[in-house]
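Take a look at the structure below.
The values are calculated or read from the model by the stated rules, or taken from the named source; none is laboratory data. This one's a predicted model, so the numbers in the text were calculated from it and none came from an experiment. Quick reminder, even Gly has a Cβ in these numbers, built from the backbone with ideal geometry, and neighbours come from all protein chains shown.
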Amino acid sequence: MKTVFTIAAIMAILLTGCGTPKDEAKTIEYYKTHLDEAKDLIQECKTIGSMTEDERVECASAERAVLASKSKKSIKGNEPHIKTW
């Protein structure tokens with residue numbers, strides 16, 4: 001019984017550090033359903049001097065979502081060309 005408690009305590013401690021970041025980058029799918037927010041973010045991304053990796057990912061996701069919404073044809077595996085931030 002003591003061993004089970006010890007293992008459970010260790011697992012709880014280890015899993016505490018495995019949480020998701022507070023400000024996790026939003027996905028393309030999120031921005032596809034929030035196009036106004038994506039467009040606003042794209043404008044903001046143009047004014048940011050140096051970006052963190054999370055900001056780059058989020059800017060790219062927003063742009064992909066807007067481009068995908070403009071595309072009338074969707075071919076699986078053929079994503080529209082996006083700007084590299």
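Structural remarks
- Every residue from segment 69-84 that is in a helix (DSSP H, G or I) and either more than 17 Å from residue 26 (Cα to Cα) or modelled with pLDDT of 90 or more (or both): 70
- Look at segment 32-51: where a residue is under 15 Å from residue 67 (Cβ atoms) and a partner is surrounded by 10 or more Cβ atoms within 10 Å (Cβ to Cβ) and of a type in the set (Ser, Thr, Tyr), sitting 6+ places away or on another chain with Cβ atoms under 6 Å, you get 35/69; 38/31.
- Scanning segment 51-65 for residues being touching a helix residue (DSSP H, G or I) at 6+ places or on another chain (Cβ under 8 Å) and assigned to a loop (DSSP other than H, G, I, E, B) gives a total of 1.
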